[in-house]
Amino acid sequence: MANSGAPVSTESGVLTWDFAALTDPGRVRANNEDTIAFDASLGLVLLADGMGGYNGGEVASGMAIALLQASFGRWLAHAGPHANPKAIRRALQAGTDEANAAILEAGIANVQLQGMGTTLVLAAFGSQRAIIGHIGDSRCYRLRDEKFDLLTRDHSLLQEQLDAGAITPEQAVQSPHRNLVTRALGIERHVELEMHEHSVMPGDLFLLCSDGLSEMVSDAQLFTLLLQDIGLPEKATLLVATANDNGGRDNISVVLARAGGSETPEVPG
């Protein structure tokens with residue numbers, strides 16, 4: 001799915017955004033436990049990677065996205081494009097708390113869903129800034145000119161081992177703990193949505209993805225693929241195809257958001 005030219009108001013005019021999104025079960029999994037959504041008119045992007053027995057992961061990610069899109073979407077539509085960043089953060093955490101409680105209670109009520117949970121990465125794009133939030137190991141990257149940055153830091157056992165110097169990046173590639181997250185929605189009574197604010201410039205390209213992409217495609221390869229001179233839907237298709245070509249061991253989800261130029265509205269004469 002794709003959407004082009006969605007306007008987000010700025011002080012000097014309108015910053016346009018293009019979006020594209022794609023999810024795929026991969027080559028190994030029978031079902032897809034990832035859920036993605038975006039609202040181009042609000043500049044809101046959501047991606048969740050579920051986990052749990054039976055269809056628990058699919059239920060958890062679906063609940064997280066549906067509840068957050070509804071609650072935060074309503075709030076953002078009411079608050080408008082000039083909403084205070086601090087207020088946006090509070091609203092995002094409130095929506096996360098609501099989704100976390102709902103997933104946890106659903107798991108308690110249904111034994112087949114017990115222990116289900118989901119990662120989450122989201123972005124609220126506004127006037128000259130983006131608020132990125134995440135829980136778990138779903139990621140957000142930014143390509144600016146020819147500089148490629150990872151904007152999130154995995155909440156995972158592997159990342160903790162790397163931070164502590166217990167293993168090297170080379171050892172991490174073969175680690176049996178690659179998929180063990182230390183933070184997820186629906187597991188505990190409270191979960192913190194880690195949030196950071198980033199500047200936005202025309203031409204910036206943001207990539208939100210599940211670990212089905214980042215585990216199968218190196219950062220260096222992602223950088224090369226995103227530099228390709230093709231449209232956003234084609235970039236999304238290329239990313240997913242590359243992950244599958246490299247093994248496709250997990251569900252693969254990507255959402256791309258590109259900032260266009262600032263267009264000054266016409267002033268009636």
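The values are calculated or read from the model by the stated rules, or taken from the named source; none is laboratory data. In this text, all values refer to a predicted model and were calculated from it rather than measured experimentally. Positions of Cβ are backbone-derived with ideal geometry, glycine not excepted, and every protein chain shown enters the neighbour counts. These area figures cover heavy atoms from the full protein model, side chains too; ligands, DNA and RNA do not enter into them. Shrake-Rupley method; radii C 1.70, N 1.55, O 1.52, S 1.80 Å.
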| note | With the 8 Å Cα cutoff and a minimum separation of six or more residues, the range 32-87 has a relative contact order in percent of 31
| message | Suppose only helical runs count, i.e. DSSP H with n ≥ 4. What mean residue ellipticity at 222 nm does that imply for the chain under -39500 (n - 2.57) per run, divided by all residues and rounded to the nearest 500 deg cm²/dmol? | response | -10000 deg cm²/dmol
| said: Under a crude label model (7 Å from the Cα following the beta-carbon direction), how far is Ala70 from Asn31 in nanometres? | reply: 2.1
| When ligands, DNA and RNA are left out and all protein chains stay put, how many square angstrom of accessible area per residue does the chain have with a 1.4 Å probe? | 46
| query | If you build a Gaussian network model of the chain, linking Cα atoms that sit under 10 Å apart, which residue out of Gly247, Gly56, Gly73 swings the most? | reply | Gly247
| query | Given a 1.4 Å probe and every protein chain left where it sits, what share in percent of the accessible area of the range 43-128 is carbon and sulfur? | reply | 56
| Rounded, prolate or oblate (a/c below 1.5 giving rounded, otherwise prolate when a/b exceeds b/c) for the range 36-165 by Cα gyration tensor | oblate
| request: Just subtract the alpha-carbon distance of Gln128 and Glu194 from 0.36 nm times their residue separation and send over the number in nm, one decimal. | output: 21.7 nm
| query | Which ³J(HN,Hα) values in Hz, rounded to whole numbers, follow from the phi angles of the range 88-94 under the Karplus curve 6.51 cos²θ - 1.76 cosθ + 1.60, where θ = phi - 60° and Gly and Pro get x? | reply | 4, 4, 4, 5, 5, 5, 4
| query | Out of [x] 22.5; [y] 14.8; [z] 18.0, which label holds the value of mean projected area of the Cα convex hull in nm² that was computed here? | reply | [y]
